[in-house]
Amino acid sequence: MPEPTLQLVTSDNVEAACAIRLLPHQDAHVESVAVSLALAYTLPTKAWPRLVHDRSALVAVVMAFHRVDWPGDPSGVTRSGLWRLNVDAQHQHQGYGRFAVLAVCADLLERGERTCFVTYDAGEDGPENFYLKLGFRPTGEFSGRQVVAGLKL
Ligand SMILES: CC(C)(COP(=O)(O)OP(=O)(O)OC[C@H]1O[C@@H](n2cnc3c(N)ncnc32)[C@H](O)[C@@H]1OP(=O)(O)O)[C@@H](O)C(=O)NCCC(=O)NCCS
């Protein structure tokens, strides 16, 4: 059975990427793909956006961040992790979210990182239990209202 693949965002696929839709109750928790890709455009050395395809279907957009100064961390040590993850509503609960997180973790490990960080809304409809299931654990910090969690690589 073919594995999902990661692809770069190009002029050929960017509109399809922006057309990815979540379930209605999930929209409040994350930015749209268009906003994420616009942000990536402004931070080309820090943002790592990729599209997840399975066979010919575009199923998700994932974006990692690399070595950003962490607000509120007095140590001055930069952090890396998972910035955005939008799995298309029709393709959720089929393993694509897990695939995307593992792909980001593999990339970070190759770059010499030892922890993958993520921030998320802890609300009832949010992705907290997904991240807990994958092994992320809250660090005790918050980024605004969002929980900060980390996964040891
Ligand atoms: C959260 C999200 C990324 C999960 O993606 P997904 O492709 O549906 O997840 P997977 O199919 O890879 O699930 C992996 C495991 O997590 C579980 N899981 C997925 N979503 C879950 C949730 N909301 N609560 C609890 N468990 C969840 C699955 O059941 C699966 O468990 P299993 O291995 O025991 O079967 C997806 O629902 C999504 O895009 N949500 C809206 C956007 C969002 O919140 N993104 C994260 C922003 S930080």
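Tabulated data for the structure shown
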quantity: Average accessible area per residue (Å²) across the range 5-152 - probe 1.4 Å, nucleic acids and ligands excluded; calculated: 56 Å²
quantity: Rounded to whole Hz, the Karplus (6.51, -1.76, 1.60) HN-Hα couplings of the range 136-149, x for glycine and proline; calculated: 5, 10, x, 8, x, 9, 10, 10, x, 8, 8, 6, 9, 10
quantity: Net length gained if the chain between Cys18 and Thr115 were fully extended (0.36 nm per residue, minus Cα distance); calculated: 32.0 nm
quantity: Sequence-distant residues sharing a close amide H with Thr115 (under 5 Å, placed H); calculated: Leu153
quantity: Global form of the range 9-58, assessed from the alpha-carbon gyration tensor, a/c cut-off 1.5; calculated: oblate
quantity: At q = 0.14 Å⁻¹, base-10 log of I(q)/I(0) for the chain (Debye sum, equal scatterers on each alpha carbon); calculated: -0.67
quantity: Rounded, prolate or oblate (a/c below 1.5 giving rounded, otherwise prolate when a/b exceeds b/c) for the range 67-119 by Cα gyration tensor; calculated: oblate
quantity: Magnitude of the charge dipole, the chain, Cβ model with Lys/Arg +1 and Asp/Glu -1, debye to 20; calculated: 400 debye
quantity: Local electrostatic count, Val147, Cβ distance below 9 Å [Lys/Arg +1, Asp/Glu -1]; calculated: -2
quantity: Rounded to 10°, Cα long-axis angle of helix 96-110 versus longest principal axis of the chain; calculated: 50 degrees
quantity: Surface share of carbon and sulfur [accessible, 1.4 angstrom probe, percent] for the chain; calculated: 54 percent
quantity: In Hz, Karplus ³J(HN,Hα) per residue of the range 20-25 (6.51, -1.76, 1.60; θ = phi - 60°; x = Gly, Pro); calculated: 4, 10, 8, 6, x, 6
quantity: Note, ³J(HN,Hα) from phi for the range 76-90, Karplus 6.51, -1.76, 1.60, rounded to Hz, x at Gly and Pro; calculated: x, 7, 6, 10, 9, x, 9, 9, 9, 8, 10, 9, 3, 3, 6
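The values are calculated or read from the model by the stated rules, or taken from the named source; none is laboratory data. Bear in mind the structure is a predicted one, so any value in this text is a computation, not a measurement. Positions of Cβ are generated from backbone atoms using ideal geometry, with glycine treated the same way; all protein chains shown enter the neighbour counts. Side chains included, ligands, DNA and RNA excluded: accessible areas come from the protein's heavy atoms. Shrake-Rupley method; radii C 1.70, N 1.55, O 1.52, S 1.80 Å.
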